[in-house]
Amino acid sequence: MPLYLGIDCSTQSLSLQVLSVDAGGAPRDVWRHAINFDRALPQYGTRHGVLPSEDPAIACAPPRMWADALELGLATLSSSGLDLARIAAVSGSAQQHGTVYLDAAGGFSRAASPIWMDTSTSTECAEITAALGGPNAVAQLTGSRAFERFAGPQIRKFWKQDRAAYERTARIHLVSSFMASLLVGGDAPLDPGDASGMNLMNLRTSGWDPRALEATAPGLRDRLPRIVPSSTVIGVLAPKWRGRFGLPPAKVVAWTGDNPSSVVGVGLAEEGEVAISLGTSDTIFGLMREPRVSPDGVGHVFASPTGEFMGITVFANGSLARERVRDMHGLDWEGFSAALRSTPPGNDGARMLPYFVPEITPRVPVAGVRRFNLDERDAARNVRAVIEAQMTALKKYSAWMGVPVRKIHATGGASANREILQVMAEVFGANVQRLDETNSACLGAALRAVKHGS
Ligand code: XUL
């Protein structure tokens, strides 16, 4: 019986999951493993997967660390005792928007990759927006107005700041196509799901848009990978992985972004049914049959790996904000849950604006936490205040998708917490269903390997 491997390269860790498919066609979990970047690869000096920076607007990670994590993950798989020859196909997902810069020899022309938490490109966003005719024009064209973390503004900033290194750059990958390139031992394409997080792809044609390229940086077309349908088999595992780890020449299915991958992992099938992923970033997303771009520029329309579209809104103050409140009050997760149980909905009017890091939605460029009717030392009310603030923002800033939320599938690490989901259900007034699987992006990758690699 064949096995299928899914890999997710997220902000803080790399996860691997192997599935088999039983006689009735149902996937079965066979093996899984996760590598935490800070702990397993301390030589890179990251904190929560990000390089420390004096400028709070800058958030970068070393691409070599992701490559090393992949090696560690595949080494662990090779010593797992599984019959490796049965691995038929591999696919993957990665944190979105991060860019990896390679020279003609395949070396890094930029040692640190800007990632999705970076907010340092407001000037470049304004320049691209002006060149393309305003925020709505950019959104109609690419699915989103110009966002600081998106690849296009980041590439423009690199071109402006380090022309020589830009000139030396032969290929600019997203994290997903970079990791896929390592697997196939060559230059992997992008899928439309992840490519729609760049402000460079025409959402309706799934091809690079010449006007957006022009507005971003000269000579960019030649530096970008091809875009292929998400279902494409882009190659097989490179001889390197076969020689070193005894892996077979399994098919490699195009990688995608972690949120598009989660659409498959969660199994979203209808509009009005959404997923809320509570991870390093909190995201809310749902399928869209037709692209309905956010009129107020809040969220994004991405291509979905299912061949349709997805609407998504992203918040930077997800798990790190929850952990900061937990740690400030010396709680563990059980204590955090107890605090939620001991406080009433509405928190007796105590509120928090929980911007522990610069926020994407709403745009808050400088981090800062504000409390209203809330004593900083009151542990229980601070816990409820951060969760009510997050859930209220998820509801408010997803209304642009235009379809009432009937059902919510909760995923991501914090979805294991029942009390947080209770607040979610109260705020949305919707049915919340917790997925058994908290890493829906990795599951989505494995399921895409099954579907397109069988
Ligand atoms: C999506 C986004 C984040 C990252 C996190 O637009 O910025 O959800 O994908 O991995």
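The values are calculated or read from the model by the stated rules, or taken from the named source; none is laboratory data. Since this is a predicted model, take the numbers as computed values, not measurements. Note: ideal-geometry Cβ built from the backbone for every residue, glycine included; neighbour counts use all protein chains shown. Surface areas here come from the heavy atoms of the whole protein model, side chains and all, with no ligands, DNA or RNA. Shrake-Rupley method; radii C 1.70, N 1.55, O 1.52, S 1.80 Å.
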Matching entry among Asn382, Asn347, Asn373 (being open to solvent by less than 30 Å² (accessible area, probe 1.4 Å) and on the phi > 0 side of the Ramachandran plot) = Asn347
task = Answer yes or no as to whether Arg406 is among the basic types (Lys, Arg), open to solvent by 30 Å² or more (accessible area, probe 1.4 Å) and without any contact (Cβ under 8 Å) to a residue 40 or more places away in the chain.
result = no
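Going by the structure shown, is Ala89 farther than 25 Å from Ser319 by Cα, in contact with a helix residue (DSSP H, G or I) (Cβ under 7 Å, 6 or more places away or on another chain) and either open to solvent by less than 10 Å² (accessible area, probe 1.4 Å) or within 16 Å of the ligand (Cβ to nearest atom) (or both)?
Considered against the rule, which asks whether it is farther than 25 Å from Ser319 by Cα, in contact with a helix residue (DSSP H, G or I) (Cβ under 7 Å, 6 or more places away or on another chain) and either open to solvent by less than 10 Å² (accessible area, probe 1.4 Å) or within 16 Å of the ligand (Cβ to nearest atom) (or both), Ala89 comes out as yes.
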message = Consider segment 20-39. How many of its residues are open to solvent by less than 50 Å² (accessible area, probe 1.4 Å) and either among the polar types (S, T, N, Q) or touching a residue at least 24 places away in the same chain (Cβ under 8 Å) (or both)?
response = 7
inquiry  = Quick test of your reading of the structure: Trp116 fulfils all but one of (1) closer than 23 Å to Ala238 by Cα; (2) touching a Lys or Arg at 6+ places or on another chain (Cβ under 8 Å); (3) within 16 Å of the ligand (Cβ to nearest atom). Name the failing condition by number.
reply    = (1)
message = Here is a list: Gly368, Gly318. Which entry is in contact (Cβ under 8 Å) with a residue 60 or more places away in the chain and either open to solvent by less than 70 Å² (accessible area, probe 1.4 Å) or of a type outside the set (Gly, Ala, Ser) (or both)?
response = Gly318
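Tell me whether segment 160-167 contains one or more residues that are open to solvent by 10 Å² or more (accessible area, probe 1.4 Å), assigned to a loop (DSSP other than H, G, I, E, B) and not charged (D, E, K, R).
So far as segment 160-167 goes, no, none of its residues is open to solvent by 10 Å² or more (accessible area, probe 1.4 Å), assigned to a loop (DSSP other than H, G, I, E, B) and not charged (D, E, K, R).
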inquiry  = Quick test for you: out of Asp209, Asp222, Asp258, pick the one residue that is among the charged types (D, E, K, R) and within 18 Å of the chain's Cα centre (by Cα).
reply    = Asp258
ask   = For segment 92-113, what are the residues that are touching a residue at least 40 places away in the same chain (Cβ under 8 Å) and more than 16 Å from the ligand (Cβ to nearest atom)?
value = Tyr101, Leu102, Asp103, Ala104, Phe108, Ser109, Arg110, Ala111, Ala112
ask   = Arg341 fails exactly one of the following numbered conditions: (1) out of contact with any Gly (no Cβ under 9 Å at 6 or more places or on another chain); (2) touching a residue at least 24 places away in the same chain (Cβ under 8 Å); (3) under 28 Å from Glu290 (Cβ atoms). What is the number of that condition?
value = (3)
request  = Any residue in segment 147-167 that's farther than 18 Å from Pro358 by Cβ: show its pairings with residues that are open to solvent by 20 Å² or more (accessible area, probe 1.4 Å) and basic (Lys, Arg) at Cβ separation under 7 Å, as long as the two are six or more apart or on different chains.
outcome  = Phe158/Arg110; Ala165/Arg110
ask   = If you go through segment 321-372 one residue at a time, how many are away from the ligand (no atom under 16 Å from the Cβ), part of a helix (DSSP H, G or I) and of a type in the set (Gly, Ala, Ser)?
value = 5
Residues of segment 424-447 that turn out to be farther than 24 Å from Lys395 by Cβ and aliphatic (A, V, I, L, M), as a count = 4
ask   = Considering only segment 103-144, how many residues are under 17 Å from Ala316 (Cβ atoms) and out of contact with any strand residue (DSSP E or B) (no Cβ under 6 Å at 6 or more places or on another chain)?
value = 8
message = For Thr438, only one of the following conditions fails: (1) open to solvent by 20 Å² or more (accessible area, probe 1.4 Å); (2) in contact (Cβ under 8 Å) with a residue 60 or more places away in the chain; (3) of a type in the set (Ser, Thr, Tyr). What is its number?
response = (2)
Segment 426-454, residues that are closer than 26 Å to Ala254 by Cβ and outside any helix (DSSP H, G or I) = Leu435, Glu437, Thr438, Asn439, Ser454
task = Would you confirm whether any residue within segment 185-200 is open to solvent by less than 10 Å² (accessible area, probe 1.4 Å), of a type in the set (Ser, Thr, Tyr), on the phi < 0 side of the Ramachandran plot and in contact (Cβ under 8 Å) with a residue 40 or more places away in the chain?
result = yes
request  = Return the total of residues in segment 92-114 being buried (at least 24 other Cβ atoms within 10 Å of the Cβ) and in a loop (DSSP other than H, G, I, E, B).
outcome  = 4
inquiry  = On the basis of being small (Gly, Ala, Ser), away from the ligand (no atom under 16 Å from the Cβ) and at negative phi, does Ala430 make the cut?
reply    = yes
key: Test: Phe178 is modelled with pLDDT of 95 or more and either under 22 Å from Ala104 (Cβ atoms) or out of contact with any Pro (no Cβ under 8 Å at 6 or more places or on another chain) (or both)   = yes
